[in-house]
Amino acid sequence: MSTTASGPRPRLITQTSVIALLLLVVLLGRSWLQPLITSESFRTWCTMFVAIVVQSMPFLVGGVLLSALMSRFLSERLLRKVIPGNPVLAVPVAGVAGFGLPGCECAAVPVSEGLMRRGLAPAAALTFLLAAPAINPIVIVSTAVAFPNDHVMVVARIAASLLTTILVGWWCVARGDKLQMARRVTNHHHNDDFLYGALHDFLHAGGFLVIGAMAAAAVNTYVPREWVDSLAGQAVLSVLVLALFAFVAALCSESDAFVAASLTSFSNTAKLTFLVVGPAMDIKLASMESGQFGTRFARQFVPVVLIVAIGSAVLIGAILL
């Protein structure tokens, strides 16, 4: 007599088994791992990793709390009054709205997901995701302080960042359903439990933040800085190098201007590229967006944002700088 399974098959690999396997590897490879763990480069990696996480975590917490507040109190009626129903018109409005939310890019991911949850068109929400960390008041002030004798850089950063957000937003409108956005379904039938929803979002986004921070710290630690500086005198390569540096360094948008100002051997256009690309897309953001909206979406969205951000920075740099 044949038997049929009455329930789902048990998972062969669980979180507990993975942790147990990792502990076993550490115990058995202790003699091999000890020189690596005590090395100066590993200590530098640890310092950078902790710095990136500590720098980003308050903004992630703020974004998650704001997202939870919006999910509970923001009505579709209010959104329809503020944001035009036409997605093509909604995109520039959402871009300009980025001026009003002081916060790092880590906060923008959960906030944009919360906006979509309340009925905002995905293209407009993604435009806001790009605009908020790039052109908010704190970023503008920090850029002005970092470049005290070059206020044109502040104007150029605003113009190039806003151009990037609007162009990407319109690209999202044109793609429509082809974006393949597999938005994470959040159990917000617990809407009465504000802290539950916020904690759920924080744990999910925080995991991808840690993964991105680990990768960013590794690049900052093990890629020699002199390799980057040696390319500063080449116009095209210098732009691409600083774009890559912005992507992997994963600096907070509210402090990256001081790093850009220190890159004295690079042209102003290359510095502008660094300032535009970083808040729009870095390795940390790419990881978080992949977790929030799906890897298929990220494979489309991340390259487009990088290309548009670099092109916008070069265009505005040629005009203003």
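Since every read-out is calculated from the coordinates, none of them should be taken as a lab result. These numbers come from a predicted model, not from an experiment. Note: ideal-geometry Cβ built from the backbone for every residue, glycine included; neighbour counts use all protein chains shown.
Averaged over residues, the count of other Cβ atoms within 10 Å places the peptides 292-302, 108-118 in the sequence 108-118, 292-302, highest first.
Computed packing ranks the peptides 87-98, 238-249, 266-277 as 266-277, 238-249, 87-98, most packed first, by mean other Cβ atoms within 10 Å. Each residue of the stretch 259-270 was assigned a 3J(HN,Hα) from its phi angle through the Karplus curve 6.51 cos²θ - 1.76 cosθ + 1.60 (θ = phi - 60°); the sequence is 5, 4, 5, 7, 8, 5, 7, 9, 6, 5, 5, 5 Hz, with glycine and proline shown as x.
Converting phi to 3J(HN,Hα) with the Karplus coefficients 6.51, -1.76 and 1.60 and the offset θ = phi - 60°, the stretch 158-173 yields 4, 5, 5, 5, 5, 4, 4, 5, 5, 5, 5, x, 5, 4, 5, 4 Hz in sequence order, with x at every glycine or proline.
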